[in-house]
Amino acid sequence: MKKFWKIGLSAFLAVGLLAACGQEAKDNKPSNEQQTQQETAQVDEATFPMTISDALGKDITLEAPPEKIVSLIPSNTEILFGLGLNDEIVGVTDNDDYPPEAAEKDKVGGMEYDIEKIIALKPDIVFSHESSMSLSEEAIAQLESAGLKVFVVKNAQDFNETYTTIEQLGRATGKLPEAEKIVANMKAKVEEVLSKVKDVEPKKVLVEASDEPDIYTAGNGTFMNAMLEMINAENVAVDGDNWYKIDAEQIIAKNPEVIVVTYHYVPDILTKIPKRAGFDTINAVKNNAIVQVDESTTSRQGPRLAEGLEELAKAIYPEVFK
């Protein structure tokens, strides 16, 4: 019988908002220029054998670039494919939908990890993620007890930390030049977006990550809030921390000028939101400024995140991008 490590149904929303996207903030870990320089310095060399330290401070020694890789979160998968590791990737999760080639890989679980399958794939390294540690700690322990190397990727809180993550994975897989190219392209796109919105009049924005009755929004400390700040948007939910549940009455009182919807599981959600009781008084509803963005590009800490920033900016300031 196969052994599964299960994530309970009650944790599904947390997995969707945090693990799949890697967005939950970590207290007492502010990013700054010095920290970013230190982290970047850790990925300057890409020679084997090497010892790398993961987000938990655990040292992992690699004798050579890994020939078999398993990824346990979509953001890692996107980075690994972006590095050109198509052949080396042997296993991904059920949630991995980009690039299309990910669908061809063996699936190792979604709300539950197939521990025996992961072990059977004989990966040289398994890439997990810090944001899902509360849910995957037991699974990682089982994999490590079976002799597998599990590298826990840092839960990046901003673009600089995302760049460092990409470079770190490039270093660990012998693809540092490819990683540096990805980062350079991302930086160019970010600079292009920021130059277009630098003189805009800030708009009040609410981000919805789920539908009523349990509406979740991005508060202070989330990557989404950092992105809103980058493009000079005012997050009306910044008085709360992390991703938190917000009442319809609170949304009405905050009166956002734009409502950004990051989910697609509710059909016709853009026509349903204006019909909520009392929402006809909200400026976003009055001005038909309820927009839907791609939940993957605007949340996954990988190569497409710069495109996600542009999509978010276009959604909030369409007049600037005409």
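Out of every Cα-Cα pair that the chain contains, those further apart than 23 angstrom amount to 58 percent.
Sequentially through segment 117-125, phi angles give Karplus couplings (6.51, -1.76, 1.60; θ = phi - 60°) of 5, 4, 4, 5, 6, 6, x, 6, 7 Hz, Gly and Pro residues having no value and appearing as x. In percent, rounded to a whole number, the relative contact order of the chain is 18, using alpha-carbon pairs under 8 Å and six or more apart. With a simple spin-label model that places each label point 7 Å from the Cα along the Cα-to-Cβ direction, the separation between residue 178 and residue 196 comes to 2.9 nm. Here the peptides 68-80, 157-169 are ranked by packing, the mean other Cβ count within 10 Å, and the order with the highest first is 68-80, 157-169. Placing unit charges on the Cβ atoms only, positive for Lys and Arg and negative for Asp and Glu, gives segment 114-222 a dipole magnitude near 540 debye about its Cα centre. Other residues within the sphere of radius under 15 Å centred on the Cβ of residue 101, judged by their own Cβ, net out at -4 (K and R +1, D and E -1). Around residue 263, with a cut-off of 9 angstrom between Cβ atoms, what is the net charge of the other residues, counting Lys and Arg +1 and Asp and Glu -1? Net local charge, residue 263 excluded: -3.
Note on segment 80-165: dipole from Cβ charges, positive end direction compared against 143, 128, 113; the farthest Cα belongs to 143.
Simple point charges give the picture: +1 on the Cβ of Lys and Arg, -1 on the Cβ of Asp and Glu, and for the chain a dipole about the Cα centre of about 360 debye.
Do you know the relative contact order of segment 198-321, to the nearest whole percent, from alpha carbon pairs under 8 angstrom that are 6+ apart? If you can, show how the numbers build up before the last one.
Details: 205 pairs, mean separation 29.7, N = 124.
So the answer I get is 24 percent.
By the Stokes-Einstein formula, at 1.567 mPa s and 4 °C, segment 198-321 with its Kirkwood radius over alpha-carbon pairs has D equal to 90 µm²/s. GNM on the chain, alpha-carbon springs under 10 angstrom: the most fluctuating residue among 296, 195, 132 is 195. The charge dipole of segment 198-321, taken about its Cα centre with unit charges on the Cβ atoms of Lys, Arg (+1), Asp and Glu (-1) only, comes to about 120 debye. Considering only 302, 91, 110, the mean-square fluctuation computed in a Gaussian network model of the chain, springs between alpha carbons under 10 angstrom, is largest for 110. If R0 equals 51 Å, the separation of the Cβ atoms of residue 103 and residue 253 corresponds to a calculated FRET efficiency of about 0.70.
Only lysine pairs 8 or more places apart, or on different chains, with alpha-carbon atoms under 23 angstrom apart are counted in segment 198-321, and they number 24.
Cross-link reach is defined here as a Cα-Cα straight distance under 22 Å, omitting same-chain residues fewer than 8 places apart; for residue 58 the lysines meeting it are 26, 29, 68, 122, 149, 154, 175. Taking other C-beta atoms within 10 angstrom as a stand-in for reagent exposure, 114, 239, 106 fall in the order 239, 106, 114, fewest first.
Taking Cβ atoms as reference points and 9 Å as the exclusive limit, the residues near residue 179 contribute a net charge of 0, counting Lys and Arg as +1 and Asp and Glu as -1.
Bear in mind these aren't lab numbers, they're just calculated from the coordinates by the rules spelled out. From a predicted model like this one, the values you see are computed outputs, not experimental measurements. Note that we place each Cβ from the backbone using ideal geometry, even for glycine, and neighbour counts take in every protein chain shown.
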